[in-house]
Amino acid sequence: MFRHLLCMAAAAAVAGSSLAAEPAATDTDQRLQNVEQRLERLENAAPSAVPPASAGSFNPAVSLILSGIYTDLSHDPADYRITGFPVPSAAEIGPGRRGFSLAESELGVYANIDPYFYGGLNYSLHPDDTASVEEAFIQTIALSNGFAVKAGRFFSGIGYLNSQHSHVWDFADAPLVYQAFLGTQFGDDAVQIKWLAPTDTFLEIGAELGRGRAYPGSDRDGNGVGAGTLFAHLGGDAGVSNSWRAGLSLLNTSPQDREFSVTDLAGNDATNSFSGHSHTWVADAVWKYAPNGNPVYTNFKLQAEYMRRHEDGDVTYDSDGALGLTNTAPFDAKQSGWYVQGVYQFMPYWRIGLRSDRLDHGTVDYGANDANLPLYGYNPSRNSVMADYTPSEFSRIRLQLSQDKARRGVTDRELFLQYQMSLGAHGAHAY
Amino acid sequence: MKKFLIALSTIAALAFSAHVAALDVFACEPEWAALMLELGGDRVSIYTATNAFQDPHQIQAKPSLLAKARRADLVVCTGSELEIGWLPVVLRQSGNDAVQPDKPGYFEAANYVQKLEVPTVLDRAAGDIHPGGNPHIQTDPHNIARVATALAQRLTEIDPANAAYYQARYRDFAARWEAAMQRWDKEAAPLRGAAIVVHHKAFAYLENWLGLKEVAQLEPKPGVEPTSAHLAEVLDQLQRQPAKMVVRAAYNDDRASAWLAERAKIPAVVVPFTVGGSDKAKDLFGLFDDTVQRLLEAVR
C-alpha cells in the first residue's frame, strides 16, 4: 500500500517538474527581466516588508486549553450508568464530579516537522491529577492527488464529533450515543489514510487500521490489527449562506475479555467479559447557516448523529469467579441511538442550544446467560439546554442544564457552569 | 483494499491530467480574485473563497473550501495572519502538495507591501492583533500595483507556457492602473487631512494613501464588537475633536455607526472594502472609483 502511494507521489512530482522545466521563449525572458527589474526597484524603494525571523520562529505552535467546571447533580454520580449499555470501568462516562472541579485542560504542541510531515502532541490534564496522551501523531503534508497519511495516537475520523477535541464541542459533555458506544470518544494507536476527491462537491474517503485499545475494542497483546474503520464524508454549499456535511462510518473492533460490571438477576454485582466482534455504524450530518456566510452577528448550526451497533461473540458471566458461578455463553446484541442538537447565535458573542439524546435498547441475547444477566427493556434519554458567552475567539463561559434519564427509574437534574479558554497559538479549527 | 486504491489513483490521474489545461486559482479574498482576472484572463479559472459581506477574520474551513483547495494550482491570499483561523487547516487537509506555504503555488500578497501598524508588543489583551502588521492592505491602490507586479511574476513561474500572455496583460493592467491612480489622487484631494472615525482598524492603508486622519474606532479593541459605553466615549471625544464621517466596511453591522452618526451629526459612510462590496465595485477599478466617490460625498 505504501509502495503504491510512494509511486504515485513520485509520478506526480515528475509530472510537475517536467512542466516547470519547459524552456521559455527568449521574448518571455526579456519580459521576465523587465519584471525582475521592476521588483528590484520596488524592493529598493520600500524597506524590507518581511517580518524579522529569529531562531524562535522555528518553535512549534504551543497552545494551552484551560477549563474548569462547577457541577450540581441531583443524584450521586458514583452509581451513574447507562442502563442496558454497560461499558468498561475505564471508559469515562457520566456527568463527572460534583462541586467545583478542574475540567479537562490540554496542552497542545503542533508544528510542521519538515517539508514532508506535520506533527503534534495533545496532552490532557485530568482533575484527579493524572495526565494522558490524548493525541500524538504525525501526518503527511507533501503527498499530492488528495492523499494524506496520519500515524500515531489520534481521534478516529468516524462520525462528526469524534475527531473534535472536547473544548470545541457545543455542550459541556458528549452525547449519550458517544458515551454508550464509543466510551465518549474513540481514539486509537493507528494509521489513517484519507483521500479527497478532485470534485467540486467535497468528498473524502478514509480508512484506519489500529490497535483497537480503546472501547469498544480492548487492549491486547498480539500482532496484527485490533480495529479498523472506514468513513466517507460528503459536503458543500447551498448558496452563500448555507453549508453542510454528511457522512457514513463503520468501526470494527475485536475485543478480547472486555470487562463490564452489572447487577445480576440475583442482585449481586457481577464482573463479566465479552469476546467477539463489534461493528458500529455511524451516520452524521451537520448544517450551518450564516446570513451571507458571515457568522459574526447571527448563525445557526444543526447537527445529528445516529449510531447502530452489532456485537456478537461470547459473554462470560462472573468472569473473575467472585460469585463462583462462571459461565460462558453465546451473545448477540443489536442496539442503536441518536442525538440531534441545534445551536443558535442570536447576537454577537451569545448562543443558545438544545440537544436531545436517545438510546434504543434493541435486541440483546445472552444465550444461556439469560438466566443470570438482566434485560432491562429500557430506553435511556436525556435533554439538555445550554447558553454560552464567547467574548473572543479565545474564551467561552457556558451554562448547561440537563435532565438525564440514562439510569432506569432515575431522573438526574444536572447543572454545569464551565469556562473554556485557550492561550498561545491561534489554532485553526476544522468545520 | 489494493484494488480500491488502484481504482482511486486511476480516477485521480485522469482528473489530474484533465486539469493541466487551465490554471486553477483559489483566491482567499475577492480583491485577489479580481486582480487574478486582470492578469490571467481566460488562461485561469478562479474560485473566490470568501465574499465582501463576510468578516475576513471569521471564516470557517468549510467542506467546499477543502474541495476547491485540493484542485488548485495557485492559492492567492492576503497573508499577515488574516486567514490564520481557517487556511492552515484547509491547506493541510487538501492533499495538494503544490499549494503548501513553502511552494510557488502559494502566494501571500502582504509579503510584497510595506505593512503598517506592526505591533511592538504582542499581547492578546490588546484584542485581535496581527503580529505581521495590519493585513487589510487592499484599501490602497499602490499596494494593488505592487502585488500585481509580484503576482504576474509568480504566474510566469508556475505557468511558463503562458508567460507572454500574462506579461502582456500585466503591462496593460499596470498602465490602466497607473492612469486610474493619478485620477483618484486628483479626485480625492479634498479628503486630505479629514478626520474620520472607523468601525474596525481596517483602513490604515486607505488613510495613509488619502491623508485621512483616524481619530477613533467604534470597536473598543480590534475584533471586539462596539459597546454602548465605548460608543458614548467616542461621542464625547468627538465633541472636543470633531470628525468628518464614520466609516465602516460592507461586512460591518450598521447599527453602531448609525448611532454615532445621528448623535454626532456626521455622515455614516459604508465603503465596499473589497470587490463585490457595492453595486459599483464590480472590479478593482470600480472598487476604488466607488470608495473615493463615497468618501467625497461625505465631505461635500
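The values are calculated or read from the model by the stated rules, or taken from the named source; none is laboratory data. As the structure is a computational prediction, the values presented were derived from the model and not from experiment. Methodologically, a virtual Cβ is constructed for each residue, glycine included, from the backbone with ideal geometry; neighbour enumeration extends over all protein chains shown. Note: areas computed on protein heavy atoms with side chains; ligands, DNA, RNA excluded. Shrake-Rupley method; radii C 1.70, N 1.55, O 1.52, S 1.80 Å.
Which of (1) at pLDDT 90 or above; (2) within 14 Å of chain B (Cβ to nearest Cβ) does residue A:50 not meet, given it meets every other one?
For residue A:50, the failing item is (1).
Could you look through the stretch B:64-88, keep only residues that are open to solvent by 30 Å² or more (accessible area, probe 1.4 Å), in a loop (DSSP other than H, G, I, E, B) and without any contact (Cβ under 8 Å) to a residue 60 or more places away in the chain, and pick out the one that is nearest to the other protein chains (Cβ to nearest Cβ)? Give the steps one after another, and end with the answer.
First pass over the stretch B:64-88, keeping only residues open to solvent by 30 Å² or more (accessible area, probe 1.4 Å): B:68, B:71, B:73, B:81, B:84, B:88.
In the following step, the residues that additionally are in a loop (DSSP other than H, G, I, E, B) were identified as B:73, B:81, B:84.
From what's left, without any contact (Cβ under 8 Å) to a residue 60 or more places away in the chain: B:81, B:84.
Numbers: B:81: 7, B:84: 5 Å.
Applying the filter and picking the extreme gives B:84.
Looking only at the stretch B:273-288, filter to residues that are touching a helix residue (DSSP H, G or I) at 6+ places or on another chain (Cβ under 8 Å) and under 18 Å from residue B:183 (Cβ atoms); which one of those is surrounded by the fewest Cβ atoms within 10 Å (Cβ to Cβ)? Reasoning before the result, please.
Start the filter on the stretch B:273-288 by keeping residues that are touching a helix residue (DSSP H, G or I) at 6+ places or on another chain (Cβ under 8 Å), which leaves B:273-278, B:280-281, B:283-285, B:287-288.
Filter once more, so that each one left must be under 18 Å from residue B:183 (Cβ atoms): B:280-281, B:283-285, B:287-288.
Values: B:280: 15, B:281: 25, B:283: 17, B:284: 25, B:285: 20, B:287: 28, B:288: 27.
Checked the stretch B:273-288; the qualifying residue surrounded by the fewest Cβ atoms within 10 Å (Cβ to Cβ) is B:280.
Any chance you could count how many residues in the stretch A:366-384 are in a strand (DSSP E or B) and surrounded by 15 or more Cβ atoms within 10 Å (Cβ to Cβ)?
At the first step, the residues of the stretch A:366-384 found to be in a strand (DSSP E or B) are A:381-384.
From what's left, surrounded by 15 or more Cβ atoms within 10 Å (Cβ to Cβ): A:381-382, A:384.
Residues in the stretch A:366-384 being in a strand (DSSP E or B) and surrounded by 15 or more Cβ atoms within 10 Å (Cβ to Cβ): 3 in total.
Filter the stretch B:36-51 for residues that are of a type outside the set (Ser, Thr, Tyr) and touching a strand residue (DSSP E or B) at 6+ places or on another chain (Cβ under 8 Å); which is most open to solvent (accessible area, probe 1.4 Å)? Walk me through it before giving the result.
The initial filter retains those residues of the stretch B:36-51 that are of a type outside the set (Ser, Thr, Tyr), namely B:36-44, B:46, B:49, B:51.
Imposing the further condition that a residue be touching a strand residue (DSSP E or B) at 6+ places or on another chain (Cβ under 8 Å) reduces the set to B:36-37, B:40, B:43-44, B:46, B:49.
Numbers: B:36: 0, B:37: 99, B:40: 0, B:43: 84, B:44: 16, B:46: 55, B:49: 9 Å².
Step by step, filter the stretch B:36-51, then rank; the result is B:37.
Looking at (1) out of contact with any strand residue (DSSP E or B) (no Cβ under 7 Å at 6 or more places or on another chain); (2) more than 14 Å from chain B (Cβ to nearest Cβ), can you tell me which one residue A:262 breaks?
(1)
What is the one condition in (1) away from chain B (no Cβ under 14 Å); (2) part of a loop (DSSP other than H, G, I, E, B); (3) modelled with pLDDT of 95 or more that residue A:160 does not satisfy?
Among (1) away from chain B (no Cβ under 14 Å); (2) part of a loop (DSSP other than H, G, I, E, B); (3) modelled with pLDDT of 95 or more, residue A:160 violates only (1).
Looking only at residues in the stretch B:89-120 that are in a loop (DSSP other than H, G, I, E, B) and of a type in the set (A, V, I, L, M), which one is nearest to the other protein chains (Cβ to nearest Cβ)? Give the steps one after another, and end with the answer.
Quick first cut of the stretch B:89-120, residues in a loop (DSSP other than H, G, I, E, B) only: B:94-96, B:100-105, B:113-120.
The next check asks that each one be of a type in the set (A, V, I, L, M); those that pass are B:113, B:116, B:118.
Values: B:113: 6, B:116: 10, B:118: 8 Å.
Ranking the qualifying residues of the stretch B:89-120, first place goes to B:113.
Could you list, in sequence order, the residues of the stretch A:373-431 that are within 14 Å of chain B (Cβ to nearest Cβ) and polar (S, T, N, Q)?
Selection gives A:390, A:392, A:395, A:422.
Which residues, taken from the stretch A:92-111, are buried (at least 18 other Cβ atoms within 10 Å of the Cβ) and either more than 22 Å from the chain's Cα centre (by Cα) or in a loop (DSSP other than H, G, I, E, B) (or both)?
A:93, A:94, A:95, A:96, A:103, A:104
Which one of these does residue A:153 not meet: (1) away from every other protein chain (no Cβ under 14 Å); (2) under 23 Å from residue A:403 (Cα atoms); (3) open to solvent by 20 Å² or more (accessible area, probe 1.4 Å)?
Just one mismatch for residue A:153, condition (2).
Got a sec? Which helices (runs of 4 or more DSSP H) wholly within the stretch B:148-264 have at least 1 residues that are open to solvent by less than 30 Å² (accessible area, probe 1.4 Å), within 14 Å of another protein chain (Cβ to nearest Cβ) and under 25 Å from residue B:26 (Cβ atoms)? Lay out the reasoning, then the answer.
Working: elements: B:163-187, B:204-210, B:228-240, B:255-264.
It comes to B:163-187, B:204-210.
Inside the stretch B:126-147, can you point out the residues that are at the interface with another protein chain (Cβ under 8 Å from one of its Cβ atoms) and at pLDDT 95 or above?
Scanning the stretch B:126-147 gives a single hit, B:146.
Which residues, counting only those in the stretch A:94-147, are acidic (Asp, Glu) and in contact with a strand residue (DSSP E or B) (Cβ under 7 Å, 6 or more places away or on another chain)?
The initial filter retains those residues of the stretch A:94-147 that are acidic (Asp, Glu), namely A:104, A:106, A:114, A:128-129, A:134-135.
A:104, A:106, A:134, A:135 - these are the residues of the stretch A:94-147 that are acidic (Asp, Glu) and in contact with a strand residue (DSSP E or B) (Cβ under 7 Å, 6 or more places away or on another chain).
Say whether the condition of being part of a strand (DSSP E or B), among the aliphatic types (A, V, I, L, M) and closer than 18 Å to residue B:136 by Cα is met by at least one residue in the stretch B:277-299.
Let us first name the residues in the stretch B:277-299 that are part of a strand (DSSP E or B), namely none.
The answer is no; no qualifying residue exists.
Can you work out which of the residues in the stretch B:89-126 that are under 24 Å from residue A:202 (Cα atoms) and of a type in the set (A, V, I, L, M) is most open to solvent (accessible area, probe 1.4 Å)?
Looking at residues that are under 24 Å from residue A:202 (Cα atoms) and of a type in the set (A, V, I, L, M), I get B:98.
Quick one: residue A:114 ticks every box in (1) more than 11 Å from chain B (Cβ to nearest Cβ); (2) surrounded by fewer than 20 Cβ atoms within 10 Å (Cβ to Cβ); (3) over 13 Å from the mean Cα position of the chain (by Cα); (4) not in a strand (DSSP E or B) bar one, so which box is it?
Of the numbered conditions (1) more than 11 Å from chain B (Cβ to nearest Cβ); (2) surrounded by fewer than 20 Cβ atoms within 10 Å (Cβ to Cβ); (3) over 13 Å from the mean Cα position of the chain (by Cα); (4) not in a strand (DSSP E or B), the odd one out for residue A:114 is (1).
Tell me yes or no: at least one residue of the stretch A:401-413 is surrounded by fewer than 16 Cβ atoms within 10 Å (Cβ to Cβ) and small (Gly, Ala, Ser).
The answer is yes; a qualifying residue exists.
Just checking, does the stretch A:186-201 include any residue being away from chain B (no Cβ under 14 Å), over 13 Å from the mean Cα position of the chain (by Cα) and buried (at least 21 other Cβ atoms within 10 Å of the Cβ)? Spell out how you get there, then give the answer.
Narrowing the stretch A:186-201 to residues away from chain B (no Cβ under 14 Å): A:186-190.
Now restrict to residues that are over 13 Å from the mean Cα position of the chain (by Cα): A:189-190.
Cutting the leftovers down to buried (at least 21 other Cβ atoms within 10 Å of the Cβ) gives us A:190.
Checked against the condition, which is being away from chain B (no Cβ under 14 Å), over 13 Å from the mean Cα position of the chain (by Cα) and buried (at least 21 other Cβ atoms within 10 Å of the Cβ), the stretch A:186-201 yields at least one hit.
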